[in-house]
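Input: one structure, supplied below.
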Amino acid sequence: MGLSVAKLQLLPDEVVLRRASTAYLKARLKLVPGEAVVTQRRFVHVGQLRATAAAGVLGLLAGGRVDVDVALTTLARLDRSRHGRGQAWTLTTTAGEEYKLLGDLDDWRPAFEDALSRGGRRLVEQQAGSWDVVPA
């Protein structure tokens, strides 16, 4: 699964620190499969165009577009959580917006730590499974 170059425009000096397939939980029952990227500037999730069966009706998830684009200067907190029996994590902005993604936060945390350190900030675990973004 590859990101569409037309959908994700990297700035000339932007560096991809982590890129992986993951799903974004847009609403309680709306899962958007796709790929996520952490750069030194932002976190982005690009949804994939995909047919899905829901309640016996064939639906189409909105995909192939940027669903989440969060500047790391607005990142306030990362939290480990669960979704059903699987692992999930939530990204919270300084404006209080929350984005829940499926997968293990431990896989993503090193990229966020690297990106934040480049901007003079760091992650500090305030309680088990919850990291706040603070000045370095």
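The values are calculated or read from the model by the stated rules, or taken from the named source; none is laboratory data. Being a predicted model, the structure only gives us computed values, none of them experimental. All accessible areas refer to the heavy atoms of the entire protein, side chains included, with ligands and DNA or RNA removed. Shrake-Rupley method; radii C 1.70, N 1.55, O 1.52, S 1.80 Å.
If we restrict to alpha carbons, what Rg and Dmax does the range 80-136 come to, in Å?
For the range 80-136, the Cα radius of gyration and maximum Cα-Cα distance read 11.7, 36 Å.
Hey, can you grab everything whose amide H is under 5 Å from the amide H of Q40? Only 5+ residues off in sequence or another chain; H modelled, so Pro and N-termini drop out.
When sequence neighbours closer than 5 places are left aside, the close amide H contacts are V15, L17.
Rounded to a whole number, what % of the accessible area of the range 93-136 do carbon and sulfur atoms account for, probe 1.4 Å?
Ligands and nucleic acids excluded, carbon and sulfur give 41 percent.
Taking the full set of protein chains and a 1.4 angstrom probe, give the accessible area of R42 in square angstrom, rounded to the nearest 10.
In the full protein context, R42 sits at about 30 Å².
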